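Worksheet for the structure shown next.
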Amino acid sequence: MSSRNRYHNKEKRRQAVAISRALLVAESAFKAGERDVEKLVTISRRHLNEVGRVQYVELIDADTFKAVASPWTRPAALCAAVYVGSTRLIDNIILKSGAESP
């Protein structure tokens, strides 16, 4: 459990789990072939409805940390920052396929 989750009651902890779930759902879409940045971000945002205020969900180049556009060819990080109650929680997941260059 994240140290920040110690501040939350059971309901807030349940909401916090939605952040990783939102990223994993987008990762599944990516593994199924989705490469449109906006669609992957939208998929994640859709799963954050039960959480507090979403600060951002962005797909960034894993090396340069710059926003990527569709289509991209390098590993990228899908990043999210969300407030659950008054606590800001952040998470990310790396999206890369075997066809991407190092």
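The values are calculated or read from the model by the stated rules, or taken from the named source; none is laboratory data. Note that the structure is predicted; figures quoted are calculated from it, not measured. Cβ sites come from the backbone with ideal geometry, for glycine too, and all protein chains shown count toward neighbours. All accessible areas refer to the heavy atoms of the entire protein, side chains included, with ligands and DNA or RNA removed. Shrake-Rupley method; radii C 1.70, N 1.55, O 1.52, S 1.80 Å.
Read through the labelled values (i) 10.2; (ii) 8.3; (iii) 6.5 and report the label of the one computed as mean projected area of the Cα convex hull in nm² from the structure.
From the options (i) 10.2; (ii) 8.3; (iii) 6.5, the structure gives (iii).
Highest GNM mean-square fluctuation, the chain, Cα pairs closer than 10 Å: which of LEU89, LEU40, LEU48?
Comparing LEU89, LEU40, LEU48 in a Gaussian network model of the chain, the most mobile one is LEU89.
Once the whole set of protein chains is in place, how much accessible area is left on SER86, using a 1.4 Å probe, in Å² to the nearest 10?
110
Let me know the charge dipole size of the range 29-102 about its Cα centre in debye, to the nearest 20, where only the beta-carbon of Lys, Arg (+1) and Asp, Glu (-1) is charged.
Here the range 29-102 has a charge dipole of around 100 debye.
List the residues of the range 60-79 whose backbone N lies under 14 Å from a point placed 7 Å from the Cα of SER97 along the Cα-to-Cβ direction.
70-76
By how many degrees, 0 to 90 and rounded to 10, does the Cα axis of helix 10-31 deviate from the longest principal axis of the chain?
Here the helix axis deviates by roughly 10 degrees.
Filter the trypsin sites (Lys or Arg not before Pro) in the range 25-85 to those in DSSP coil with at most 16 other Cβ atoms within 10 Å of their Cβ, and list the result.
Answer by residue number: ARG35, ARG53, LYS66.
If you rank PHE30, PHE65 by how much accessible surface each has, with a 1.4 Å probe, what is the order from largest down?
PHE65, PHE30
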